[in-house]
1. All but one of (1) under 26 Å from residue 8 (Cβ atoms); (2) open to solvent by 50 Å² or more (accessible area, probe 1.4 Å); (3) among the aliphatic types (A, V, I, L, M) hold for residue 92; state the number of the condition that does not hold.
2. Give the residue that is farthest from the chain's Cα centre (by Cα), with candidates limited to residues of the stretch 33-70 that are surrounded by 15 or more Cβ atoms within 10 Å (Cβ to Cβ) and among the acidic types (Asp, Glu).
3. Please determine, by comparing only the residues of the stretch 14-32 that are closer than 17 Å to residue 84 by Cα and small (Gly, Ala, Ser), which one is surrounded by the most Cβ atoms within 10 Å (Cβ to Cβ).
4. Answer yes or no: is there a residue in the stretch 67-76 that is farther than 15 Å from residue 13 by Cα and among the small types (Gly, Ala, Ser).
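The values are calculated or read from the model by the stated rules, or taken from the named source; none is laboratory data. Predicted model only: the values in this text are computed from it and were never measured. All Cβ positions, even for glycine, are placed from backbone atoms using ideal geometry, and neighbour counts span all protein chains on display. Each accessible area value is taken on the protein alone, full model and side chains, heavy atoms only, with ligands, DNA and RNA left out. Shrake-Rupley method; radii C 1.70, N 1.55, O 1.52, S 1.80 Å.
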Amino acid sequence: MSKEATLLHLLKALGNSLARQRELLESNQLDDLAQINGDLEQGYATLEASPGGFAALRDEIEAKPEAQRIELLELLGQLRADNRVSGELIRIAMHRVATVRALQLEHSKSSTYGPGASMDPGSRLSRHA
């Protein structure tokens, strides 16, 4: 596989992984993110490990014939946008998880200390009258 085909393949694979990550985040399937996140980390690490890093990658793209350069730049722009969207979806998911945990904790406190609290196994008891 040529270097050009490898670069295009890598960028498309990153795009597919970001799209899959977005689908999982939008459908709140957080448990399924591990594999996708691993694929993304590996793809980004491959890009970073290229001689000269992202700057050399950008120079390499700029040296391509116009049609290829345009395709690669559009793909990079889409990756950048998808990455931002995924980041925002991750922040929303983290906020959602924190909110659910806070609600569960509050419910746990009210069921332990509230009026008519029952003695459930694992409930907290106060030593103060």
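1. For residue 92, the exception is condition (1).
2. Per the stated criteria, the residue is 60.
3. 17
4. The answer is yes, given that some residue of the stretch 67-76 is farther than 15 Å from residue 13 by Cα and among the small types (Gly, Ala, Ser).
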